[in-house]
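Participant: What follows is a structure written as structure tokens; I'll ask about it next.
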Amino acid sequence: MNALLDKVLLRAKILRRALRILPKKRKRIRLIYFNHVPDTDSSDTLIIRYRFTNAIYFDIDGKKTFENRYVFARPDSKKDILITVHGFLRKAYYTITVDRDNVFITKKLHIPT
């Protein structure tokens with residue numbers, strides 16, 4: 001019963017956000033800001049903050065989320081994180097490249113396979 005309730009609440013939240021975007025003239029998904037900071041509690045943890053216009057929800061490495069931040073362990077080598085931003089009848093694909101010291105974001109122009 002709890003899993004069913006979670007799915008219904010997820011769909012309701014998606015619908016509520018889509019209805020907020022519906023009356024807008026421009027429904028394009030656009031990156032507003034991207035920021036990364038090390039966690040204050042642990043030097044091995046990195047916090048990535050991002051914000052998009054007209055975003056309903058995000059897929060980060062296959063997990064659906066509504067959060068505007070992502071916390072993960074700092075990798076020893078280069079790591080790519082795929083973010084799919086879902087908007088109203090639109091999707092945008094971004095890749096976050098995380099190195100030991102630097103973090104970059106790039107927009108994908110095609111659907112990743």
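The values are calculated or read from the model by the stated rules, or taken from the named source; none is laboratory data. Not measured: the values here are computed from a predicted model. Please note: Cβ atoms are built from the backbone with ideal geometry, for glycine as well, and neighbour counts cover all protein chains shown. SASA here: full protein model, heavy atoms, side chains in, ligands and nucleic acids out. Shrake-Rupley method; radii C 1.70, N 1.55, O 1.52, S 1.80 Å.
Participant: What aspartates and glutamates sit close enough to Lys91 to cross-link, taking a C-alpha to C-alpha distance under 18 Å and skipping anything fewer than 8 places away on the same chain?
Facilitator: Here the aspartates and glutamates satisfying the reach criterion relative to Lys91 are Asp59, Asp61, Glu67.
Participant: For the stretch 6-25 and the stretch 31-57, what is the separation of their C-alpha centers, rounded to whole Å?
Facilitator: What the calculation gives is 23 Å, centre to centre.
Participant: Give the angle, between 0 and 90 degrees and rounded to the nearest 10, that separates the Cα long axis of helix 2-21 from the longest principal axis of the Cα atoms of the chain.
Facilitator: For helix 2-21, the angle is close to 80 degrees.
Participant: Could I ask something else about it? Assign unit charges at the C-beta atoms only (+1 for Lys and Arg, -1 for Asp and Glu), then state the dipole size of the chain relative to its Cα centre in Debye, rounded to the nearest 20.
Facilitator: Rounded to the nearest 20 debye, it is 1160 debye.
Participant: Separate question: Would you mind giving the average projected area, over all directions, of the Cα convex hull of the stretch 53-113 in nm² with one decimal?
Facilitator: Answer in nm², one decimal: 4.7.
Participant: How long are the three semi-axes of the equivalent ellipsoid of the stretch 1-71, in whole Å, if each is the root of 5 times an eigenvalue of the C-alpha gyration tensor, listed from largest down?
Facilitator: They are 26, 20, 8 Å, listed largest first.
Participant: Once neighbouring chains are kept in place and the probe is 1.4 Å, which whole percent of the accessible area of the chain is contributed by carbon and sulfur?
Facilitator: After summing per-atom areas, the C and S share lands at 53 percent.
Participant: A further question on this structure: What 222 nm value per residue comes from the helices of the chain, counting each DSSP H run with n ≥ 4 as -39,500 (n - 2.57) and dividing by all residues, nearest 500 deg cm²/dmol?
Facilitator: That calculation yields -6000 deg cm²/dmol at 222 nm.
Participant: What percent does the relative contact order of the stretch 10-113 come to when contacts are Cα pairs within less than 8 Å and at least six residues apart?
Facilitator: 21 percent
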